[in-house]
Amino acid sequence: MPNQAGSGQDALGEGQPGSWVVNWILGKYGSLFPEGAFDLELTPPTFGFLFDIDGVLVRGRYVIPAAQEAFRKLVDSNGQLRVPVVFVTNAGNCLQHVKAQELSDALGLEVSPEQVILSHSPLHLFSQFHEKCMLVSGQGPVEENARNVGFRNVVTIQDVRKAFPLLDMVDQSRRPKELVNINLWVILFGEPVQWETSLQLIIDVLLSNGNPGAELAAVPYPHIPVLACNMDLLWMAEAKMPRFGHGTFLVCLENIYKKVTGRELKYDALIGKPSIVTYQYAEYLIEQQVERRGWPSPICRLYAVGDNPMSDIYGANFYNRYLKAACQARAQAEVKRSVGVADPRSEDHSEPRKDWYVSLESCKSILVCTGIYSPHGDVPVDPHESVVKTVFHGHRDFCFDTSLVEASYVVQDVNEAVELVFEKENWSQE
Ligand SMILES: [Mg+2]
């Protein structure tokens, strides 16, 4: 009897597409055709999930029961995830490993910090800012979060208040402590406490070109770089009415800046859902997970499950549109290459660029009804009617395109979302 593994290698050939799949199967099963190799549970995944947390998996301190049910379907008999999963939240006032532990406890499986994206996590990618002296605004472990994503020189609002005591005049009881000379850029992590202090001092830093001790004859414009995370205007906690989110703080800051200077406040980056960079970072973490697990197939489809049409659904649809455009651009470039009309300015025609191999084709949005969105609440059931009648709560710099807030699918809860995806992917439920 011929050696099946050998014949498989011969058929595909070393260096041919598919040979690495063969090697993976040989490494894992010892043969190309071991008993049960084609059972559904042994099929490597070609899709992955991005789960929002609040309103999808938990409400405040309570776990949504459908989440536990969904994750029983997502793990194998060893408690290992059968498909790549990343948790993407716009929350930011906590540490990544703490959020991972909370999820582990809630869902009954081991969630690693590398599977969690907080609103500020993509700041890892902004290495051009990491050596600058950054003023960080927000609450919780904001300084530690800034250092964890790569910033080395971090100054808090409290540091500035102490260094320039005459600037924060609202609370007269706070007295000078020390004076330092600093040259700042700004990161807005999340909504702070005592907004008036943060608003005053951030405006001071912008108007003084990063040195609030300096006197300037004219307002500098463009102003120093500003990065902002988490644009959510409102969020749902345990109260019945929504609470102000960081997006509301940004509205205040933008309007004060415009009123004072007559100019628009500009951001060098807006991070967190629905920004593209957050989904690019999620895709990167999914790829890393696939690599760690030794899954041989590239991930072609992502399913983003969320409860907020303005961030989760808008973001997933926006990224899907971006992927389609990138795919089209690659196809057009390939046509040009094949007929020999490649751009003569490009540096190297002998090898395709690395991003030529990009595998991700789509990012579908799935809206659940366990959080902000309710089909029986203020938002009408008909998606078109709902987006026309809904006030746009998105950020100033994102256009209100009604098609972007219409979900690919609407289901009751996250368990139904997982069942739906398994059905679409012909994936076994058990
Ligand atoms: Mg949510």
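Values quoted throughout were computed directly from the atomic coordinates according to the rules given, and no laboratory measurement underlies them. Only a predicted model underlies this, so the values are computations on that prediction, with no experimental measurement involved. Because the Cβ atoms are built from the backbone with ideal geometry, glycine has one as well, and the counts that use them run over all protein chains shown.
Remarks
- Per-residue packing, averaged as other Cβ atoms within 10 Å, sorts the ranges 303-313, 215-225, 69-79 into the order 303-313, 69-79, 215-225, beginning with the highest.
- Cβ crowding within 10 Å, taken as a proxy for footprinting-reagent exposure, orders 318, 398 from fewest neighbours to most as 398, 318.
- Order of 231, 236 - criterion: other Cβ atoms within 10 Å of each residue's Cβ, fewest first: 236, 231
- Region 122-271, relative contact order in percent, only Cα pairs under 8 angstrom and at least six apart counted: 20 percent
- From least to most packed, judged by other beta carbons within 10 angstrom and beginning with the fewest, 46, 197 follow the order 46, 197.
- Label-to-label distance, residue 412 versus residue 110, with points set 7 angstrom from Cα along the beta-carbon direction: 3.4 nm.
- Cα-projected label distance for residue 244 with residue 260, points at 7 Å along beta-carbon direction, nm: 1.7 nm
- Residues residue 77 and residue 287, FRET efficiency given R0 of 41 Å [Cβ-Cβ distance, rounded to 0.05]: 0.95
- Separation of the residue 211 and residue 300 label points, Cα + 7 Å toward Cβ, nm: 5.8 nm
- Remark: for residue pairs 364/424; 273/364; 162/259; 240/364; 162/266; 266/324, the C-alpha separation exceeds 21 Å in 162/259; 240/364; 162/266; 266/324.
- Whole-Hz Karplus values for region 311-317 come out as 10, 5, 6, 4, x, 5, 5 Hz, taken residue by residue from phi with 6.51 cos²θ - 1.76 cosθ + 1.60 and θ = phi - 60°; glycine and proline positions read x.
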